[in-house]
Amino acid sequence: MKIRYFLILIFLLSFSSLWAQLNVDMKSEPAKMEDNKRCFDCHSTHIYTFDNPVSGITERKEMNPNFVFNTDAFYSGVHRHFSCTDCHSPDYETFPHNAELRFEPMYSCIDCHGGDEAFASYHFETIEEEFGKSVHASKHNENFNCWMCHNPHSYKAMTRSDFKISEIVSAHNQMCASCHDNPLHFQRISDSTKKPLEEIHKFLPNFKLHFSAVRCIECHTAVEDTMWVAHNILPKEMAVKKCVECHSSSTMLISSLYKYQTIETRKNRGTFNSMLLNETYVIGANRNIYLNIFSIILFGLSLLGVAVHVFFRIKKK
Amino acid sequence: MSEKLYLYPVWLRIWHAINALMFLVLLVTGVSLQYSNPDYQLIRFDYAVTYHNIAGIILAFNYLIFLFGNILTGNAVFYKLRRKGLVDKLLKQMNYYISGTFKGEHTPFPVTKKRKFNPLQKVAYLATMYMMIPVMIITGVALLFPEMIIMNVMNLSGIYLTALLHGIVSIFLLIFLVIHLYFSTMGSSPTSNFKSIVNGYHEPH
Ligand code: HEM
């Protein structure tokens with residue numbers, strides 16, 4: 001018994017970098033809330049107002065919907081303690097904004113996080129490398145950057161927080177679908193048009209159920225043991241198409257999202273199987289051991305009964 | 001030898017043939033799905049899913065033939081079970097199978113125009129056709145349209161619970177099939193009952 005706990009401890013320690021909690025203080029009041037009000041006055045509503053010094057009246061205008069952000073989402077993201085002007089130029093404080101500001105270069109993740117010990121467990125450098133190899137980077141080097149998936153105004157580190165698998169799956173898939181299933185966004189990057197995701201993935205029975213239970217990256221990246229979020233989206237020819245990759249006792253789901261969550265839940269409950277049961281049922285992967293033993297015994301007994309009966313029938317003939 | 005009895009009308013034989021065939025398809029594909037293994041696949045997973053779905057749907061519609069056939073023709077009469085003395089009758093029949101048949105005794109409930117099944121058969125068929133098969137059809141349809149399922153029952157996936165029930169009952173059905181096949185060899189000759197379910201006539205002892 002003791003040895004078992006010891007092994008579990010070793011196991012957990014070897015993944016300690018993965019289950020490290022967030023550094024960001026998610027509980028206290030956001031640091032720059034007052035500051036940001038200036039911007040949110042206009043950038044969280046569909047109608048904004050300003051005093052026109054020329055005509056002297058207060059004008060009401062409609063805001064570009066892409067420039068409207070949800071304040072709750074902003075303050076529950078990882079950069080919740082930021083002021084808008086930490087990333088954007090302080091010149092935005094004046095309205096109308098200076099047109100030149102459009103040419104302002106934006107920071108990338110690496111600019112702030114690169115080489116910082118505090119974020120070592122996130123492996124920003126490895127991620128940047130992996131992203132560099134992905135189809136998104138190799139096909140659209142210039143325009144495709146980290147912010148395309150990591151919404152600067154709401155990104156949460158969900159997998160490290162206390163979310164249900166189904167919530168993580170839906171948020172991650174939304175990252176991809178918001179572009180791949182939205183021609184307007186898609187054409188920001190590419191002139192080509194793609195069929196709807198549902199059509200591309202016709203080979204999956206019950207598309208909706210699958211897409212609510214597995215993430216796009218489960219099939220579109222190589223499963224990596226060391227880093228559970230693989231950023232290298234592979235060409236479509238290399239995507240997982242074989243059902244048994246998931247639907248079998250050696251399911252690859254064990255070594256991706258589910259692995260990370262397993263480590264967390266294993267502390268309370270024990271096995272991968274019990275964790276998987278909790279949220280999904282994957283044919284072929286969740287097997288109930290008792291049911292298996294029970295069925296083999298029952299089947300064996302009935303065959304035995306028949307055999308004995310046959311024996312006596314022949315003997316007494 | 002008394003004269004042959006016509007006990008299995010055409011609709012019943014058609015139902016039974018389809019039922020038996022689909023059942024076997026479901027059994028093989030079902031086992032293949034449950035024990036899916038990338039190194040050794042009985043049937044390729046996506047094919048197994050497709051065949052299992054098609055066979056299940058056919059069996060479900062075919063079940064309607066059984067239901068309505070029994071209501072509309074007189075066949076339901078053979079399934080009428082009288083509570084009184086049931087246990088005694090069951091014991092008698094069991095006793096026959098366990099010892100009587102080896103001593104050359106005659107079956108306690110011979111087949112007549114009014115009595116197609118012995119009490120043990122009745123109970124087995126009733127349990128199978130009016131309990132287990134409906135449960136399989138309902139859980140099967142639910143798994144086909146999982147949005148119908150309550151997603152979370154006491155912290156367990158509703159789909160999992162449904163699939164578990166589907167799996168447990170399938171084992172009982174497998175056992176039923178083994179016993180059913182075996183007892184079908186207990187007619188006047190080992191093959192006579194099989195001939196009956198094909199040509200419709202019962203060969204008496
Ligand atoms: C797979 C091969 C099967 C064979 C060879 C077979 C054979 C037979 C035979 C020989 C009979 C006539 C004996 C009797 O009346 O008891 C019969 C009747 C019957 N079988 Fe099967 N059977 C098979 C599968 C099944 C399955 C899967 C079910 C149900 C799940 C089933 C349900 C029945 C029922 C309800 C009757 C009685 C029908 C009636 O007369 O009303 N059989 N079967």
Exercise for the section: Sequence neighbours fewer than 8 away in the same chain don't count; with that in mind, list the aspartates and glutamates whose C-alpha is under 19 Å from A:LYS32. Expected result: A:ASP41, A:ASP72, A:ASP86, A:ASP91, A:GLU93
Fill in the blank from the handout: Counting sequence-distant residues (5 or more places) and residues on other chains, those with an amide H built under 5 Å from that of B:LEU5 are B:HIS202
Exercise for the section: Sequence neighbours fewer than 8 away in the same chain don't count; with that in mind, list the aspartates and glutamates whose C-alpha is under 18 Å from A:LYS315. Expected result: B:GLU105
Completion exercise
Each label sits 7 Å from Cα toward the beta-carbon; between B:LYS80 and A:HIS150 the label points are separated, in nm, by 7.8
Practice task
Tabulate in residue order the Karplus-calculated ³J(HN,Hα) for segment A:116-126, using 6.51 cos²θ - 1.76 cosθ + 1.60 with θ = phi - 60°, rounded to whole Hz; enter x for Gly and Pro.
Solution key: 8, 4, 4, 10, 4, 5, 8, 6, 4, 5, 4
Fill in the blank from the handout: Taking alpha-carbon centroids only, segment B:1-50 lies from segment A:125-170 a number of Å equal to 48
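Which links in A:LYS208/A:LYS236; A:LYS61/A:LYS195; A:LYS139/A:LYS202; A:LYS194/A:LYS242 stretch past 27 Å when you go from one Cα to the other? Provide the component values of the computation, followed by the final result.
Values: A:LYS208/A:LYS236 20 Å; A:LYS61/A:LYS195 36 Å; A:LYS139/A:LYS202 25 Å; A:LYS194/A:LYS242 23 Å.
Over 27 Å apart, Cα to Cα: A:LYS61/A:LYS195.
Going down the table (A:LYS27/A:LYS156; A:LYS133/A:LYS164; A:LYS156/A:LYS241), which pairs top 22 Å between alpha carbons?
Where the Cα-Cα span goes over 22 Å, the pairs concerned are A:LYS133/A:LYS164; A:LYS156/A:LYS241.
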Practice task
Could you grab the relative contact order for segment A:26-104? Cα pairs under 8 Å, six or more apart, rounded to a whole percent.
Solution key: 30
Practice task
Can you check what the net charge comes to around A:CYS109, using other residues whose Cβ is under 12 Å from the Cβ of A:CYS109 (Lys, Arg +1; Asp, Glu -1)?
Solution key: -4
Problem - Rounded to 10°, Cα long-axis angle of helix B:86-98 versus longest principal axis of chain B - result: 80
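Taking 0.36 nm per residue of separation and subtracting the Cα-Cα distance, what length does fully extending A:ASP72 through A:ASP91 add? Before the final figure, lay out the partial values.
Values: separation 19, 0.36 × 19 = 6.84 nm, distance 2.48 nm.
Residue separation times 0.36 nm, minus the Cα-Cα distance, leaves 4.4 nm.
Excluding same-chain pairs closer than 8 in sequence, count the lysine pairs in segment B:4-162 whose Cα atoms lie under 12 Å apart.
Details: B:LYS4/B:LYS113; B:LYS80/B:LYS114; B:LYS80/B:LYS116; B:LYS80/B:LYS122; B:LYS89/B:LYS122.
Summing the qualifying lysine pairs gives 5.
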Problem - With DNA, RNA and ligands ignored, accessible area of A:ASP111 (1.4 Å probe; Å², nearest 10) - result: 100
Practice task
Would you mind computing the Rg to Rh ratio of segment A:26-104 from its alpha-carbon coordinates, Kirkwood style for Rh?
Solution key: 1.00
Fill in the blank from the handout: Extend 7 Å from the Cα of A:LEU184 along its Cα-to-C-beta direction; within segment A:52-69, residues with backbone N under 14 Å of that point are A:63-69
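The values are calculated or read from the model by the stated rules, or taken from the named source; none is laboratory data. Since the model is a prediction, treat every value here as computed from it, not as a measurement. So basically every Cβ, Gly included, is an ideal-geometry build from the backbone, and we count neighbours across all protein chains shown. For accessibility, only protein heavy atoms count, side chains too; no ligands or nucleic acids. Shrake-Rupley method; radii C 1.70, N 1.55, O 1.52, S 1.80 Å.
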